[in-house]
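**Student:** Sharing a structure here in structure tokens format.
The values are calculated or read from the model by the stated rules, or taken from the named source; none is laboratory data. Given the structure is predicted, the values throughout are model-derived calculations rather than measurements. Backbone-built Cβ (ideal geometry, glycine too); neighbour counts: all protein chains shown. With ligands, DNA and RNA removed, areas are computed over all heavy atoms of the protein, side chains included. Shrake-Rupley method; radii C 1.70, N 1.55, O 1.52, S 1.80 Å.
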Amino acid sequence: MSLVRVSRLRKVTRVHALCPDSFGMGTHVLSMRIDGELLDRLRTHAAKRGMSVQDYVVRTLIRDDFDERFKAAVDETERFYGLT
């Protein structure tokens, strides 16, 4: 079970999730600032799967291929801005 608090600051939403540690080491807090457009997209994807936004984000982060997809997104961003 997770305790979630969502607060809106200007056009950015801050999401706090208190998640129990599956390894018995206590709990961890994940805090993100998300703009309104991205939050709407996350809500849509989560709703399609019958999940909360927080659960959807956590499930996405623990996917087996997350590291590879994240690196690919960073590489593409760097190419776009001419950093590579």
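**Student:** Give the residues of segment 39-84 that are of a type in the set (Lys, Arg), over 25 Å from residue 29 (Cα atoms) and surrounded by 10 or more Cβ atoms within 10 Å (Cβ to Cβ), sorted by residue number.
**Tutor:** Taking segment 39-84 and keeping what is of a type in the set (Lys, Arg), we get 41, 43, 48-49, 59, 63, 69, 71, 79.
The next check asks that each one be over 25 Å from residue 29 (Cα atoms); those that pass are 48, 79.
Within segment 39-84, just 79 meets the criteria.
**Student:** If you don't mind, another one. Of the conditions (1) modelled with pLDDT under 90; (2) over 15 Å from the mean Cα position of the chain (by Cα); (3) not aromatic (Phe, Trp, Tyr), residue 78 clears all except one; give me its number.
**Tutor:** Condition (1) is where residue 78 drops out.
**Student:** Please give the number of the condition residue 13 fails out of (1) open to solvent by 50 Å² or more (accessible area, probe 1.4 Å); (2) modelled with pLDDT under 85.
**Tutor:** The failed condition is (1).
**Student:** Of the residues 26, 36, which single one is modelled with pLDDT of 60 or more and surrounded by 10 or more Cβ atoms within 10 Å (Cβ to Cβ)? Even if it seems obvious, please write down each step before you answer.
**Tutor:** Numbers: 26 fails: surrounded by 10 or more Cβ atoms within 10 Å (Cβ to Cβ).
Going through 26, 36 in turn, the sole match is 36.
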